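**Student:** This is the structure I have questions about; it appears just below.
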Amino acid sequence: MNKKADLIKYGVFSLIIGVVVGIIDTIFGKGLILISEIRNDYFWYLVPFLPIAGLLITWAYHHFNELSLKGMTLVFETGQQKRDTIPLMLVPLVMVCTWITHLFGGSAGREGVAVQIGATLSHYFSRYFHFPKNGKVLLITGMAAGFGGLFQTPLVALFFAIEVMIVGKIDYEALFPAFIGAFSGSYTSHFLGLEKFSVKITQTINTNDFKNIFLMIILGILFGFVGKLFSLSLAKLKDIFKNQFENPYKRIGLISIFLVVGLILFKGRYSGLGTNLIDLSFYQGTIQNYDWLLKLVFTIVTLAIGFQGGEVTPLFSIGASFGVVLAFIFHLPIELCAALGYVAVFASATNTLLAPIMMAIEVFGGSNMMIFVIVCIFAYLVNGNQSIYGAQINHFD
């Protein structure tokens, strides 16, 4: 088969995957919005049952498909050709269990869910097509479709999918199908009414002033350390909890009691995705100096004990709220610093560079690109190759 025919087949398959994943992302995303509204309305009635919800999640995974607990690790290992399949049961399990986590107040994200959905479905259907390296390429296509469909940031989704699996090696062979998958997934979810978050940043600073460039480097380093703190703490806490509580039911049941106490103490401020902190950061709300740290703590505890959800949206909220704090310290524009934190903490924690830079374009309008690039570079450099994805490979090792 010639190259032109391969491209046509890739394009058709990627379009189909993008549309299908975009539809499922819409169902998942709209369901999550509804569940978050219900939680906010009935917070005091629902949060006390978080430990029971945790037991239900643990039972569901162990009863239906325990392997699916590996989540993103399954996706990475399949893409790295360390395993052949991802169980299809992962899709309903991760969707429903993430909804349960959010309904009862857990602090978690959604991106990992969308990426897992896209990767699982594309890998499953790839067995019926015959492409060169079809398994890896179509897996990356599904990842791009999942991310793009949920966040409606197709450029971010494209570059995230091709750079995240192996640090230092970009999978250019997946560029075309991942492009089609990301854009078709994004347009599908947009057509079906899933909303995109975006803020046009009009504030700026003088980049011809060396002092400002130096400040951007400092900001990049600080954001990088926060991303590193998140990824390191999450990995360490998972190990500590597993060693202390070998029984997963005891682990999630007992520790979530303390989680409930904390969530009630702060009246649910750190429950859910963290979009409340993002809104406060960009729309002149009140951000406390400790908001970013407490959101970090609640998120890593929620995920470390076995609740389901992604990490990226909480990372956005951590970065944005930390950016507000730094804006006051360094006397810089608040919205600009919040936007810089939004993308740079994501860059550090995921150990990616191109995707966060694309985010500056798609979410914040593309102005101040020199500033965003500088901050992202230094956030990426100081993270020491730490990542929220434990199965991520460093090409330079």
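**Student:** How about the range 347-361: which of its residues are in contact with a helix residue (DSSP H, G or I) (Cβ under 7 Å, 6 or more places away or on another chain), open to solvent by less than 30 Å² (accessible area, probe 1.4 Å) and assigned to a helix (DSSP H, G or I)?
**Tutor:** Of everything in the range 347-361, those that are in contact with a helix residue (DSSP H, G or I) (Cβ under 7 Å, 6 or more places away or on another chain), open to solvent by less than 30 Å² (accessible area, probe 1.4 Å) and assigned to a helix (DSSP H, G or I) turn out to be A347, S348, A349, A355, P356, I357, M359, A360.
**Student:** Among the residues of the range 283-301, is any in contact with a strand residue (DSSP E or B) (Cβ under 8 Å, 6 or more places away or on another chain), closer than 21 Å to F43 by Cβ and not in a helix (DSSP H, G or I)?
**Tutor:** Checked the range 283-301: no residue is in contact with a strand residue (DSSP E or B) (Cβ under 8 Å, 6 or more places away or on another chain), closer than 21 Å to F43 by Cβ and not in a helix (DSSP H, G or I).
**Student:** Going by the structure shown, is L280 surrounded by fewer than 19 Cβ atoms within 10 Å (Cβ to Cβ), part of a helix (DSSP H, G or I) and at pLDDT 95 or above? Spell out the reasoning first.
**Tutor:** Values: surrounded by fewer than 19 Cβ atoms within 10 Å (Cβ to Cβ): no; part of a helix (DSSP H, G or I): yes; at pLDDT 95 or above: yes.
No.
**Student:** Can you pull out the residues in the range 99-115 that are more than 11 Å from the chain's Cα centre (by Cα) and in a helix (DSSP H, G or I)? Before the answer, list the steps.
**Tutor:** Taking the range 99-115 as the starting set, the residues that turn out to be more than 11 Å from the chain's Cα centre (by Cα) are 99-107.
Once the filter is applied, which keeps residues that are more than 11 Å from the chain's Cα centre (by Cα) and in a helix (DSSP H, G or I), the range 99-115 yields W99, I100, T101, H102, L103.
**Student:** Another question, if that's okay. Of everything in the range 186-206, what is of a type in the set (V, I, T) and open to solvent by 50 Å² or more (accessible area, probe 1.4 Å)? Give them in sequence order.
**Tutor:** Selection gives T202, T204.
**Student:** Next question, about the same structure. Could you give every pair whose Cβ atoms fall below 6 Å, whose first residue belongs to the range 99-110 and is under 14 Å from E37 (Cα atoms) and open to solvent by 10 Å² or more (accessible area, probe 1.4 Å), and whose second residue is assigned to a helix (DSSP H, G or I) and modelled with pLDDT under 95, counting only separations of at least 6 or pairs across chains?
**Tutor:** No pair meets every condition.
**Student:** If you don't mind, there's one more thing I want to ask. Consider L88 against the criteria (1) part of a helix (DSSP H, G or I); (2) under 17 Å from G146 (Cα atoms); (3) open to solvent by 10 Å² or more (accessible area, probe 1.4 Å): it satisfies all of them except one. Which criterion is unmet?
**Tutor:** Every listed condition holds for L88 apart from (1).
**Student:** Hey, can you tell me all the residues within the range 72-84 that are surrounded by 21 or more Cβ atoms within 10 Å (Cβ to Cβ) and either in contact with a Phe, Trp or Tyr (Cβ under 9 Å, 6 or more places away or on another chain) or under 13 Å from I117 (Cα atoms) (or both)?
**Tutor:** Going through the range 72-84, the residues surrounded by 21 or more Cβ atoms within 10 Å (Cβ to Cβ) turn out to be 72, 74-76, 78-79.
Across the range 72-84, the qualifying residues are M72, L74, V75, F76.
**Student:** If I filter the range 18-34 down to residues being among the hydrophobic types (A, V, I, L, M, F, W, C) and out of contact with any Ser or Thr (no Cβ under 9 Å at 6 or more places or on another chain), which single residue comes out as surrounded by the most Cβ atoms within 10 Å (Cβ to Cβ)? Spell out how you get there, then give the answer.
**Tutor:** Of all residues in the range 18-34, those among the hydrophobic types (A, V, I, L, M, F, W, C) come to 19-21, 23-24, 27-28, 32-34.
Those still in the list that are out of contact with any Ser or Thr (no Cβ under 9 Å at 6 or more places or on another chain) too: 24, 27, 33-34.
Numbers: I24: 23, I27: 15, I33: 15, L34: 12.
So, considering only residues that are among the hydrophobic types (A, V, I, L, M, F, W, C) and out of contact with any Ser or Thr (no Cβ under 9 Å at 6 or more places or on another chain), the one surrounded by the most Cβ atoms within 10 Å (Cβ to Cβ) is I24.
The values are calculated or read from the model by the stated rules, or taken from the named source; none is laboratory data. Please read all numbers here as calculations on a predicted model, not as lab measurements. So basically every Cβ, Gly included, is an ideal-geometry build from the backbone, and we count neighbours across all protein chains shown. Quick note on the areas: whole protein, heavy atoms, side chains included, nothing else; ligands and nucleic acids left out. Shrake-Rupley method; radii C 1.70, N 1.55, O 1.52, S 1.80 Å.
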